[in-house]
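So the structure is just underneath, and the comments pick up after that.
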Amino acid sequence: MLKLGNRELEIPIIQGGMGVGVSLGNLAGTVAGCGAMGVISTVNAGYREDDFEKNPIQANVRALRQEIKKALDIAKGKGIVAINAMVAVNRYEESVKAAIDAGVQAVISGAGLPLALPKLTKGTECMAAPIVSSGKAASVICKNWDRKYGVAPDFVVIEGPEAGGHLGFSREQIENHTAKSVYDIFPEVKEAIEPYEEKYDREIPVFLAGGIFDGADMAKATDAGASGVQMATRFIATTECDASEEYKRVIVDASEDDVTIIKSPVGMPGRALLTPLIQKLQQGEKFAPKICNDCLKSCPHGTKTPYCISRALIEAVKGNVREGLFFCGSNVGKIKKIVSVRELIDEIVSEWRKSS
């Protein structure tokens, strides 16, 4: 049993947050109900709301609250229900505040340095955890949190270069395989957080993410000293995942050759499937949005952006293969069938215990 804040995690697996709409209340609640940590992505959580086009801010906050309540109801007190909040989005603080008010038990935050996160979580029962891709980032965050707020992270997620979605490495590092592996980054992060473990007299658990596919990978991570792992793509191919059946089928049918690195309007590279949309973008076509939700801080917006990542992700979660953006991890080609969350977790845990 792993101690996290004022809660305990029976199974040290975090289901990674996946937006838009891939990991909402149903998936997160089911994962938590199995004793692990289920994560809701805050990014455009309200895309299905009737007023999303006219009032995206209100729709997203309303839906986020509803999805957290749904997850907590499904979990029935087991596991941990968390959100993944990207620093790169506008209204970051508003989403985090709404989630805490709705009873979320942890906030995991990346796509930028979550330097202001403790301002929102301090004094609540909600845990705060950064996603980092280097020891330097972990050091900067810990120093800032300690100096400004007198706190240290409740836990840390290290995301390596094999992860899906937005990546904390340059495109060249990823494509040339020169980026440090998550196992090489781990000792750097441990060294960075050690002074704060001593100062606050507690362990800061570290979870490894990116390229973690099965129980053998989980055993490699925990044998290296990690407290647990974060996995995302495998949870798409579950019956309880909030994405459409068409989306899940795209993931199951994908091969290793279908995976590519894209340039995101967020300003970071990302790993995704080579769908018709991505092929057209690589050929220089542009798809400026008709309506802009002003969701990203760094997006050039309007006609200046080559495509709207929110629209592309929404089309994907609906199952629109031609116009959708399907983020995925490097091991997506190994996924062969759709199973229940319980079956998936039981399989991973069984392999982990045999391999440890």
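The values are calculated or read from the model by the stated rules, or taken from the named source; none is laboratory data. Every value quoted in this text rests on a predicted model; they were computed, and no experiment measured them. Methodologically, a virtual Cβ is constructed for each residue, glycine included, from the backbone with ideal geometry; neighbour enumeration extends over all protein chains shown. Only protein heavy atoms, including side chains, enter the accessible area calculation; ligands, DNA and RNA are left aside. Shrake-Rupley method; radii C 1.70, N 1.55, O 1.52, S 1.80 Å.
For region 136-157, the criterion of being touching a strand residue (DSSP E or B) at 6+ places or on another chain (Cβ under 8 Å), open to solvent by less than 30 Å² (accessible area, probe 1.4 Å) and part of a strand (DSSP E or B) is satisfied by at least one residue.
Across region 167-195, which residue is farthest from Asn84 (Cα to Cα) among those that are open to solvent by less than 30 Å² (accessible area, probe 1.4 Å) and of a type outside the set (Gly, Ala, Ser)?
That would be Ile174.
Looking only at residues in region 5-35 that are more than 10 Å from Gly79 (Cβ to Cβ) and surrounded by fewer than 20 Cβ atoms within 10 Å (Cβ to Cβ), the one that is farthest from the chain's Cα centre (by Cα) is Asn6. Scanning region 158-190 for residues that are in a loop (DSSP other than H, G, I, E, B) and touching a Gly at 6+ places or on another chain (Cβ under 7 Å), which turns out nearest to Lys263 (Cα to Cα)? The selected residue is Leu167.
On inspection, Gly211 qualifies as surrounded by 16 or more Cβ atoms within 10 Å (Cβ to Cβ), out of contact with any Cys (no Cβ under 6 Å at 6 or more places or on another chain) and either acidic (Asp, Glu) or part of a loop (DSSP other than H, G, I, E, B) (or both). Number of residues in region 261-281 that are in contact with a Lys or Arg (Cβ under 8 Å, 6 or more places away or on another chain) and among the basic types (Lys, Arg): the value is 1. Only one entry of Val321, Val317, Val332 meets the criterion of being hydrophobic (A, V, I, L, M, F, W, C) and surrounded by fewer than 23 Cβ atoms within 10 Å (Cβ to Cβ), and that entry is Val321.
Of all residues in region 214-268, those being part of a loop (DSSP other than H, G, I, E, B) and among the hydrophobic types (A, V, I, L, M, F, W, C) number 9. For region 221-247, the tally of residues that are touching a helix residue (DSSP H, G or I) at 6+ places or on another chain (Cβ under 6 Å) and of a type in the set (D, E, K, R) stands at 2. Here the condition is being farther than 16 Å from Met218 by Cα and either out of contact with any Cys (no Cβ under 7 Å at 6 or more places or on another chain) or without any contact (Cβ under 8 Å) to a residue 40 or more places away in the chain (or both); of Val341, Val317, Val349, it holds for Val317 alone. What do you reckon, is Leu273 at pLDDT 95 or above and of a type outside the set (Asp, Glu)? Criteria met by Leu273.
Is it true that Lys70 is surrounded by fewer than 23 Cβ atoms within 10 Å (Cβ to Cβ), in a helix (DSSP H, G or I) and touching a residue at least 40 places away in the same chain (Cβ under 8 Å)?
On the way: surrounded by fewer than 23 Cβ atoms within 10 Å (Cβ to Cβ): yes; in a helix (DSSP H, G or I): yes; touching a residue at least 40 places away in the same chain (Cβ under 8 Å): yes.
So Lys70 fits the description; yes.
On the stretch given as region 24-37, residues that are under 19 Å from Asn60 (Cα atoms) and small (Gly, Ala, Ser) total 3.
Give region 36-59 a look and list any residue that's assigned to a loop (DSSP other than H, G, I, E, B), in contact (Cβ under 8 Å) with a residue 12 or more places away in the chain and either buried (at least 24 other Cβ atoms within 10 Å of the Cβ) or of a type outside the set (Phe, Trp, Tyr) (or both), or say none.
Step one: list which residues in region 36-59 are assigned to a loop (DSSP other than H, G, I, E, B), which gives 36, 42-55.
From the residues that got through so far, the ones that are in contact (Cβ under 8 Å) with a residue 12 or more places away in the chain too are 36, 42-49, 53.
Scanning region 36-59 gives Ala36, Thr42, Val43, Asn44, Ala45, Gly46, Arg48, Glu49, Glu53.
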